[in-house]
There are 2 protein chains.
Amino acid sequence: MSDLLERLRGRGWRMTAQRRVVAEVLNGEHVHLTADEVHARAVAKLPEISRATVYNTLGELVSLGEVLEVTTDKRAKRYDPNAHRPHHHLVCARCGAIRDVHPNGNPLADLPDAERFGFTVSDVEVTYRGLCPDCAGG
Amino acid sequence: MSDLLERLRGRGWRMTAQRRVVAEVLNGEHVHLTADEVHARAVAKLPEISRATVYNTLGELVSLGEVLEVTTDKRAKRYDPNAHRPHHHLVCARCGAIRDVHPNGNPLADLPDAERFGFTVSDVEVTYRGLCPDCAGG
DNA sequence: TCCTACAATGGACTTTGTCTAAGTCAAGCG
DNA sequence: CGCTTGACTTAGACAAAGTCCATTGTAGGA
């Protein structure tokens, strides 16, 4: 919950009104917002916050590992506050709705050494695509 | 492998110099090019080809299922001519190098019904991330 | 309280992609 | 072989998402 602010402060993050607002926005809604949507919500709480600051702050939160960057489409990055439980995404190809999902098994283990080409593989991101109930016309 | 041109002609594609050049670029290199890189290589063969045409043609090839669109980062879509064998991608987090990989198992089967939220799931895209041998300092 | 390094601002700039109106040309038809 | 026609191409304007930078502001320590 709001220990996000605690954690950040504990890490020596300099706390400013702008950063608090951005953190609150992410903390409050468990949906996947674009940078612009974060900005819009932040402006509602702190009208003079600038776009650049929102981008900077989001970037810092990602570096700190408090927020995940998700790239389900090429339109815009989305920010996922649910960084502390590993999960993947299910995306509606029509309307773009996103749900967090937890597949069985460990996809990382499914990549044999012979298919790693000497890479040090550290992460895997799975995106399921399909139609949500609304868009499927159900 | 130049049957790409054959297949396209067989599908009633109107063949123009521009389309042939784009198809040749994709057919020739088995790397994952961005639209801009495709354009650059196309220009080398046909200087007066326009950016819009490259975008249009790539979009058509994707619609026809001859080429895959890959979004491994948010910078730019990449185009994968290897559309006829299902595969996933391994991306270097530092330099962006991409390799095609073939994991074991079927990730689609690993998503239980309870995690589908009523979606009609039709596709899955797996992106492994890590460091390539060069970037890992090996 | 005062200082100073770090943060925020806003506006210009870049990158990637889309759209449109006007011109061009591949391919079928006679 | 040379029209005709509608699909294709073009250049450039436009749009969306994000980055950069010089200036101004301020959190937090001494």
Condition test on B:Gly10, is it within 14 Å of DNA strand C (Cβ to nearest atom) and over 17 Å from the mean Cα position of the chain (by Cα)? yes
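Mind listing whichever residues of region B:7-61 are in a helix (DSSP H, G or I) and polar (S, T, N, Q)?
From region B:7-61, those in a helix (DSSP H, G or I) are B:7-10, B:17-28, B:35-45, B:51-61; that's our starting set.
Hits for region B:7-61 are B:Gln18, B:Asn27, B:Thr53, B:Asn56, B:Thr57.
For region A:105-122, enumerate the residues that are assigned to a loop (DSSP other than H, G, I, E, B) and either among the aromatic types (Phe, Trp, Tyr) or modelled with pLDDT of 90 or more (or both). Walk me through how you get there before you give the answer.
First, pick out the residues of region A:105-122 that are assigned to a loop (DSSP other than H, G, I, E, B): A:105-106, A:111-112, A:116-119.
Within region A:105-122, A:Leu111, A:Pro112, A:Arg116, A:Phe117, A:Gly118, A:Phe119 meet the criteria.
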For region A:65-104, which positions are part of a loop (DSSP other than H, G, I, E, B), of a type in the set (A, V, I, L, M, F, W, C) and at pLDDT 90 or above? A:Val67
Inspect region A:39-49 for any residue being over 17 Å from the mean Cα position of the chain (by Cα), surrounded by 19 or more Cβ atoms within 10 Å (Cβ to Cβ) and not hydroxyl-bearing (Ser, Thr, Tyr) and give the result as yes or no. yes
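Can you tell which of B:Leu111, B:Leu90 is in contact with a Gly (Cβ under 8 Å, 6 or more places away or on another chain), more than 29 Å from B:Ala17 (Cβ to Cβ) and either buried (at least 20 other Cβ atoms within 10 Å of the Cβ) or of a type in the set (S, T, N, Q) (or both)?
On the way: B:Leu111 fails: in contact with a Gly (Cβ under 8 Å, 6 or more places away or on another chain).
Selected residue: B:Leu90, the only one of B:Leu111, B:Leu90 that is in contact with a Gly (Cβ under 8 Å, 6 or more places away or on another chain), more than 29 Å from B:Ala17 (Cβ to Cβ) and either buried (at least 20 other Cβ atoms within 10 Å of the Cβ) or of a type in the set (S, T, N, Q) (or both).
Filtering region B:63-72 down to residues that are β-branched (Val, Ile, Thr) and within 12 Å of chain A (Cβ to nearest Cβ), which residue is nearest to DNA strand C (Cβ to nearest atom)? It would help to see each step written out before you state the result.
Step one: list which residues in region B:63-72 are β-branched (Val, Ile, Thr), which gives B:67, B:70-72.
Keeping just the survivors that are within 12 Å of chain A (Cβ to nearest Cβ) gives B:70-72.
Details: B:Val70: 10, B:Thr71: 8, B:Thr72: 11 Å.
Residue satisfying both the conditions and the ranking: B:Thr71.
The values are calculated or read from the model by the stated rules, or taken from the named source; none is laboratory data. This one's a predicted model, so the numbers in the text were calculated from it and none came from an experiment. Note that each Cβ is placed from the backbone with ideal geometry, even for glycine, and that neighbours are counted across all protein chains shown.
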